[in-house]
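Q: Below you'll find the structure I mean.
The values are calculated or read from the model by the stated rules, or taken from the named source; none is laboratory data. Because the structure is predicted, anything quoted here is derived from the model rather than measured. Note that we place each Cβ from the backbone using ideal geometry, even for glycine, and neighbour counts take in every protein chain shown. When the accessible area is computed, the model is the full protein with side chains, heavy atoms only, and any ligands, DNA or RNA have been set aside. Shrake-Rupley method; radii C 1.70, N 1.55, O 1.52, S 1.80 Å.
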Amino acid sequence: MDPIVPSNLYDQINLFFQESSDFVSEQFSLYGSTVHLCYFESLVDIRETRKSLLQLEIHFNEKKDTLEQIVLTTGGTFENSFDNIVQALLSGRLSLFSEDGLTHVMINPTHPRIARNVDVPQSENVIESSFDAFTEDIKTNISMLRTKINSKDLVIGNYMLGAFNPRRISLFHVSSKSQPKVVQRIIFLLEKNKEKEIESVQDLSSALGLPKFSLVPAFVATEIPSETVRHLMEGRIVIFLDHYPYALAVPGFANDLWSMHGDRNFPFVFMVTIRAIRMLGLFVGLIAPGLYVALVSVNPEVLRIQLALSVALSREGVPYPALVEVLLMLGILEMIIEASLRLPKSIGPTVTMVGGIILGQAVVQAKLVSNLLIIILAATTIANFTLVGYQNAFMIRLFKYIILIISAIYGLLGTLSGVVWVCFYIASVTTFQYPYLNSSMKSGGTND
């Protein structure tokens, strides 16, 4: 026997959400009329909402329909589509039904405060710059950018992606500085993938047609509003995901590895020096392990005799080849870095620092690795952290292993060949027809 389908929307909605414990359906008396309220108590502050509705009674006219007057005074809307009502309720809106359940109005109620307040950046440290950071609430993030860019050229587009769990995506660009064809392309791809579920940045990358196995990040992720403003003023497009406290700027460029907007708050000479140090960190983090293996195991004749003897003395008793020695310690360092990110901030730095010191001293005393290697890897790890952005630093960490393997086979020639290969690979990467080696959106893109 087929189930009985209710004849009015009110009963259909109650039947549809009957298994949801936080769904509430109740009667409410308003200006002598009885209406039915439907809402999720986890999304609606019903006490404040009732007060707001009762305060509207002074504006009511007894000769007019109650729901019609609610629409006029609250900016609500009449809605007769079952699917639209369900989606609105799940989004935190309040439904008012007439007593017979046939007429329906949607209004925006008072919501409980469930988002965190604006706080300092959690994953990026800033010096002599604004200390506010984005939150998980996309409306708050939009407001923060609106207050920092007081221009009519700032254009914001909102899109809903996903059929099962729709997620709001906001697209920002400055019309006078961005490239129209790039903006139109991104909008086209978002519209084309409306049914695609967006649970992560990987899903967003897939929707935008970005390569899955690229070693170079297509987005520049930041939680700092001032950095996002810089990206917009450079003509880039910024994407926000609801419930994700980072701005994603596209396309990314190579100079994002060493430049930040906050650098411009220092004198010019200071800014150039800071960026030069970051560039030095990039090269040290990229080639130091490979260069060590090349000089120790393949081309020791390049070293001066005193230095070669010192290196040989430091490796006396070490049972492994230089490549195995480096890979062993790099693996341990990678685990220490990952642990420092995952441990609570109250104990994370202390545990990893003490663990690193004890571990380093123990492996040297056990003659499993040389003293010189500890110095090389410490310099490499510090150099990695001079780069701007976690994803950018991770990219260099991956390239480091490629150069290391080639250096272990071909020596100094392999180190040089690895660096050339990395340069060729980076030069071949494009995002929306803009090469990664570009310095800005003003040149280099075909936009075809």
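Q: Looking at the stretch 402-443, which of its residues are open to solvent by less than 60 Å² (accessible area, probe 1.4 Å) and of a type in the set (S, T, N, Q)?
A: Once the filter is applied, which keeps residues that are open to solvent by less than 60 Å² (accessible area, probe 1.4 Å) and of a type in the set (S, T, N, Q), the stretch 402-443 yields Ser407, Thr415, Ser417, Thr431, Asn438, Ser440.
Q: I'd like the full set of residues that are in a loop (DSSP other than H, G, I, E, B), over 15 Å from the mean Cα position of the chain (by Cα) and within 24 Å of Gln391 (Cβ to Cβ), limited to the stretch 195-215.
A: Answer for the stretch 195-215, where residues must be in a loop (DSSP other than H, G, I, E, B), over 15 Å from the mean Cα position of the chain (by Cα) and within 24 Å of Gln391 (Cβ to Cβ): Lys196, Glu197, Leu208, Gly209, Leu210, Pro211, Lys212, Phe213, Ser214, Leu215.
Q: Give the residue that is most open to solvent (accessible area, probe 1.4 Å), with candidates limited to residues of the stretch 185-194 that are free of Cβ contacts under 8 Å to residues at least 40 places away in the same chain and not in a loop (DSSP other than H, G, I, E, B).
A: Taking the candidates together, the pick is Lys192.
Q: Return the residues of the stretch 85-108 that are polar (S, T, N, Q) and in contact with an Asp or Glu (Cβ under 9 Å, 6 or more places away or on another chain); say none if nothing qualifies.
A: Once the filter is applied, which keeps residues that are polar (S, T, N, Q) and in contact with an Asp or Glu (Cβ under 9 Å, 6 or more places away or on another chain), the stretch 85-108 yields Ser95, Ser98, Thr103.
Q: Please list, ordered by first then second residue, the pairs with beta carbon atoms under 7 Å, 6 or more apart or interchain, first in the stretch 235-255 and free of Cβ contacts under 8 Å to residues at least 40 places away in the same chain, second part of a loop (DSSP other than H, G, I, E, B) and open to solvent by 10 Å² or more (accessible area, probe 1.4 Å).
A: Once the first residue is free of Cβ contacts under 8 Å to residues at least 40 places away in the same chain and sits in the stretch 235-255, its partners that are part of a loop (DSSP other than H, G, I, E, B) and open to solvent by 10 Å² or more (accessible area, probe 1.4 Å) give Ala249/Phe219.
Q: State all residues of the stretch 44-70 that are outside any helix (DSSP H, G or I), at pLDDT below 85 and open to solvent by less than 90 Å² (accessible area, probe 1.4 Å); if no residue qualifies, say none.
A: Within the stretch 44-70, Phe60, Asn61, Asp65 meet the criteria.
Q: Of everything in the stretch 99-129, what is assigned to a loop (DSSP other than H, G, I, E, B), open to solvent by less than 20 Å² (accessible area, probe 1.4 Å) and modelled with pLDDT of 80 or more? Give them in sequence order.
A: Answer for the stretch 99-129, where residues must be assigned to a loop (DSSP other than H, G, I, E, B), open to solvent by less than 20 Å² (accessible area, probe 1.4 Å) and modelled with pLDDT of 80 or more: Pro109, Pro121.
Q: Within the stretch 278-293, does at least one residue satisfy the condition of being out of contact with any helix residue (DSSP H, G or I) (no Cβ under 9 Å at 6 or more places or on another chain) and not acidic (Asp, Glu)?
A: No, there is no match, as no residue in the stretch 278-293 is out of contact with any helix residue (DSSP H, G or I) (no Cβ under 9 Å at 6 or more places or on another chain) and not acidic (Asp, Glu).
Q: Of all residues in the stretch 77-89, count the ones that are loosely packed, with under 15 Cβ neighbours inside 10 Å and aliphatic (A, V, I, L, M).
A: Count: 0.
Q: Confirm whether Asn384 is at pLDDT 85 or above, surrounded by 14 or more Cβ atoms within 10 Å (Cβ to Cβ) and under 23 Å from Arg342 (Cα atoms).
A: Yes; evaluated as a whole, the condition is true for this residue.
Q: For Arg397, all conditions in the list (1) of a type in the set (Lys, Arg); (2) more than 21 Å from the chain's Cα centre (by Cα); (3) surrounded by fewer than 20 Cβ atoms within 10 Å (Cβ to Cβ) hold save one; what is the number of the exception?
A: For Arg397, the exception is condition (2).
Q: How about the stretch 224-238: which of its residues are in a loop (DSSP other than H, G, I, E, B) and of a type in the set (Gly, Ala, Ser)?
A: Of everything in the stretch 224-238, just one residue is in a loop (DSSP other than H, G, I, E, B) and of a type in the set (Gly, Ala, Ser), namely Gly235.
Q: Would you check if Glu234 is farther than 29 Å from Asn117 by Cβ, open to solvent by 70 Å² or more (accessible area, probe 1.4 Å) and over 19 Å from the mean Cα position of the chain (by Cα)?
A: Answer is no for this residue.
Q: Find the residue count for the stretch 208-231, including only residues that are of a type in the set (Phe, Trp, Tyr) and open to solvent by less than 20 Å² (accessible area, probe 1.4 Å).
A: Residues in the stretch 208-231 being of a type in the set (Phe, Trp, Tyr) and open to solvent by less than 20 Å² (accessible area, probe 1.4 Å): 1 in total.
Q: Continuing with the same structure: Please determine whether any residue of the stretch 237-247 is touching a Phe, Trp or Tyr at 6+ places or on another chain (Cβ under 7 Å), open to solvent by 50 Å² or more (accessible area, probe 1.4 Å), under 30 Å from Val174 (Cα atoms) and not charged (D, E, K, R).
A: Yes, some residue in the stretch 237-247 is touching a Phe, Trp or Tyr at 6+ places or on another chain (Cβ under 7 Å), open to solvent by 50 Å² or more (accessible area, probe 1.4 Å), under 30 Å from Val174 (Cα atoms) and not charged (D, E, K, R).
Q: Then there's this: How many residues are under 28 Å from Gln179 (Cβ atoms) and surrounded by fewer than 16 Cβ atoms within 10 Å (Cβ to Cβ) if we restrict to the stretch 248-278?
A: 2
Q: Filtering the stretch 130-149 down to residues that are without any contact (Cβ under 8 Å) to a residue 60 or more places away in the chain and not in a loop (DSSP other than H, G, I, E, B), which residue is most open to solvent (accessible area, probe 1.4 Å)?
A: Lys139
Q: Out of (1) open to solvent by 40 Å² or more (accessible area, probe 1.4 Å); (2) touching a residue at least 60 places away in the same chain (Cβ under 8 Å); (3) in contact with a helix residue (DSSP H, G or I) (Cβ under 6 Å, 6 or more places away or on another chain); (4) of a type in the set (Ser, Thr, Tyr), the odd one out for Tyr390 is which?
A: Status for Tyr390: all satisfied but (3).
Q: Okay, moving on. So, in the stretch 150-184, exactly how many residues are open to solvent by 30 Å² or more (accessible area, probe 1.4 Å), under 19 Å from Met441 (Cβ atoms) and under 21 Å from the mean Cα position of the chain (by Cα)?
A: The qualifying residues number 2.
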